[in-house]
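Okay, structure first, notes after.
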Amino acid sequence: MITKLAKAKDNWFFKILSAAVAVSFISLFGVSGYINSASQNQTIIKVGKKKISQSEFNYHLQKEINSLKNFTTDDFELTDEIRSALIENVLKQLVNDSVLDQAMLKYSIYFPKAFIQQIIFRQPEFQNPANGQFHPELFKRYLSAAGLSEQDYVSNIQRTLARKMMITDLVQTFAVPSVLSKAIHKMDNQRKSFKYTIVSPNNIKIERQITDDELQQYFEDFSETFLIPETRDAQVIFIPNELILQKYATNDALARDYFTQHKPELDQPEKREIEQLVFMDKDTAQKAFDAVQQGDTFDVVAKNFKAENSDTPTLGLVAQDELAEDLAEPVFAMPSGEVQLLPVADTWQVVRVKKIVPAKEAIFDEVKSQILEHLANENLYDALREARATIDDAVNGGKSIAEVAEMMGVVPFEIKGIREDELVSKVPEYAKDLAASLDFNEMIYSYGNQEITTAEEFDNGIALAQITHINDAHMPEMGAVKDKIIDLWLIQEKNALAKEVADNIATDMEDGSDIAIAAKARDLEAFRSQPISRHESFAGLSAAEISELFVADKDAVKVFELQDNTFVIATPFETVNYDDALNKDSLADVQQRAQQSIFADMARAAEDSYAQDFKIKIDYQKAGFNE
């Protein structure tokens, strides 16, 4: 494996060095790590010389918890079981990453900075739709949304490349032998038929009536089922964000003040459309430069001399501060149409200024909408805080909810029958936030009768409410829910009898009775399935249940309970081995499925082999496991 790795490494370095390109990039590797005090924390994981601190582990664990919460409902509860599973997942990921990092150091696997830059620059999600060029702001927004630093993202790319070189490319060289493919095909193509009968609660007849004692007992035992929950009525006002912004953040006076203070930033700088060819060696770059000087277009030269950016030999229309300094200064000093050969970072670049767009001073009326949008984005938090403070001060000063509504320019509305655990439904369209989650319900249930809540923020506005009436939770009279009790009793009785019948049939079969006789004794019919493969099913059985039947002995009796409390009692009947010859397409399909499974196993084995090079220690107690 190590010999193979060394060869792969050599090939990759050749490819990397020939493909790497240094394009301008703002502060790659320029952000410090997210854990500054890691060396001061206790170590939870140690892989070789690499240590993972308590704070770094907690950081990754909290990210997993936050991610899980984002995909669940508001009433999500982080149980001990879920937390333990998350801890285990984080430990595994950190150990795997650490093993990979240490293996990269041991085998001197390195990816040049220019190569990493090029990968990031070519990702569509970070490119400006207007010109297809890398947009630093889009990259920063992505990092912020994902909770990553630049170094985090770069490390992820390096590990992905290393994993491909050290693991994926190695295991993918394995070819599945045709004899193995044929054996898998034979196993897949084997078919079995089964005898079975079905016991459904729906077909169970209850001969007796519920007794008064059972009626009372069910009423008491299932009281939560019949409890009429508390409901509340409330007078509500909702102030949309648009109205708050107009009142506190985005009027014409504020826009003009912003224009006066930030005019230099609003002025449009000079921009230039730059044609560019990137090469790793000077000789090829010189030949490309000469070809351009002789009249060849950048597109033609890029393909003829295999430039690193041959697909897009242009930077588009850019400002000076969008380029790296060693490229920006000479390019913005060149006259239009001039061609130069420039050393830039680790590359040689042929550049030409195709067009110059002069700088332009900003005019208020032309940038007003842009300023208002900026103020809305920047000042929404402050505007919401000011609006909430104004509303709360008014309420504390004795104003009624109707007076507050008039003060904020909205109309109050009433919501009746609000339950604590059920989304409200009848709200005005502009206040639909209140029906989107249980946050509104929680606000209503945090105050007493006739009290006015504090102003609370929602996604698209601020809400305020006064509780006008509380209907306490209470039990109904038993007679009012008698029919529901009887329905519940019938379900329980039928389910219990269905299980009893299924168990009795299984017992008879285990004692030597044929399934048809055992079923007929209970007025049921026995069936025989068609010969099926292990990937097919009958009688609603799951894939796991079919697999269990396929490996069962010939006279084995299996009882399966389906989700609707229906029971399937089954036993193997007949095995059919088809001798289907594999054609070329079928063989390829079997080999592909086998490869996917084998590759996964081999990849895990490769990871384990690298891990054996290092001493690994994990402090499970500090990680959060009690045992």
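The values are calculated or read from the model by the stated rules, or taken from the named source; none is laboratory data. Being a predicted model, the structure only gives us computed values, none of them experimental. Cβ: placed from backbone, ideal geometry, glycine included. Neighbour counts: every protein chain shown. These area figures cover heavy atoms from the full protein model, side chains too; ligands, DNA and RNA do not enter into them. Shrake-Rupley method; radii C 1.70, N 1.55, O 1.52, S 1.80 Å.
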Review point. With every protein chain present, what accessible area does H535 have (1.4 Å probe, heavy atoms only), rounded to the nearest 10 Å²?
Key: 130 Å²
Check your understanding: In the stretch 303-388, which trypsin sites (Lys or Arg not before Pro) fall in coil by DSSP and have 15 or fewer other Cβ atoms within 10 Å?
Key -> K306
Exercise for review: Determine the shape class of the stretch 475-627: with a ≥ b ≥ c the square roots of the Cα gyration tensor eigenvalues, call it rounded for a/c under 1.5, and otherwise prolate if a/b is greater than b/c, oblate otherwise.
Suggested key: oblate
Revision key, fill the gap. By accessible area (1.4 Å), largest first, F76, F458 order as F76, F458
Check your understanding: How high is the FRET efficiency between Q563 and K426 when r is their beta carbon distance and R₀ equals 41 Å, given to the nearest 0.05?
Key -> 0.75
Practice item. Towards the positive end of the charge dipole of the stretch 204-355, with charges on Cβ (+1 Lys, Arg; -1 Asp, Glu), say which of Q216, Q276, V353 has the farthest Cα. Key: V353
Study note, to complete from the structure: Answer in debye to the nearest 20: the dipole magnitude of the chain about its Cα centre, from +1 Lys/Arg and -1 Asp/Glu charges placed on Cβ, is 3460 debye
**Study point:** Computed [θ] at 222 nm, helices only, for the chain once each DSSP H run of length n ≥ 4 contributes -39500 (n - 2.57)
**Key:** -15000 deg cm²/dmol
Revision key, fill the gap. The size of the Cβ-based charge dipole (Lys, Arg +1; Asp, Glu -1) of the stretch 207-307 about the Cα centre, to the nearest 20 debye, is 1260 debye
Exercise for review: Note down the magnitude of the dipole of the stretch 324-363 about its Cα centre, charges +1 on Lys and Arg C-beta and -1 on Asp and Glu C-beta and zero elsewhere, to the nearest 20 debye.
Suggested key: 320 debye
Revision key, fill the gap. Applying the gyration tensor rule to the Cα atoms of the stretch 57-158 (axes a ≥ b ≥ c; rounded if a/c under 1.5, else prolate if a/b exceeds b/c, else oblate), the class is oblate
Point to revise | Residue-normalised accessible area of the chain, expressed per residue, 1.4 Å probe, Å² | key: 58 Å²
**Study point:** Options I157, N203, A103, ranked by Cα towards positive dipole end of the chain, top entry (Cβ charges)
**Key:** A103
**Study point:** Cβ-based net charge around G316, under 12 Å, with every Lys or Arg adding one and every Asp or Glu removing one
**Key:** +1
Check your understanding: What GluC sites (Glu not before Pro) in the stretch 494-562 are in a loop by DSSP, with at most 16 other Cβ atoms within 10 Å of the Cβ?
Key -> E525, E536
Check your understanding: Per residue, what volume in Å³ does the convex hull of the Cα atoms of the stretch 457-561 enclose?
Key -> 237 Å³
Review point. When the chain is fully extended, how far beyond the present Cα-Cα distance does D365 get from K263, taking 0.36 nm per residue of separation?
Key: 35.5 nm
Check your understanding: Mind listing P(r) for the stretch 155-294? All alpha-carbon pairs, 5 Å bins, whole percents.
Key -> 2, 5, 4, 4, 4, 4, 5, 5, 6, 6, 8, 9, 9, 8, 7, 6, 4, 3, 1, 1, 0, 0
Point to revise | Overall form of the stretch 347-396 per C-alpha gyration tensor (a/c, 1.5; a/b vs b/c) | key: oblate
**Study point:** Extension gain, S609 back to Q286 (0.36 nm per residue minus Cα-Cα distance, nm)
**Key:** 111.6 nm
Exercise for review: Of the options S178, I167, S193, report the single residue whose Cα projects farthest towards the positive end of the charge dipole of the stretch 106-252 (beta-carbon charges: Lys, Arg +1; Asp, Glu -1).
Suggested key: S178
Review point. If ligands, DNA and RNA are left out, what is the accessible area of R522 with a 1.4 Å probe, given in Å² to the nearest 10?
Key: 70 Å²
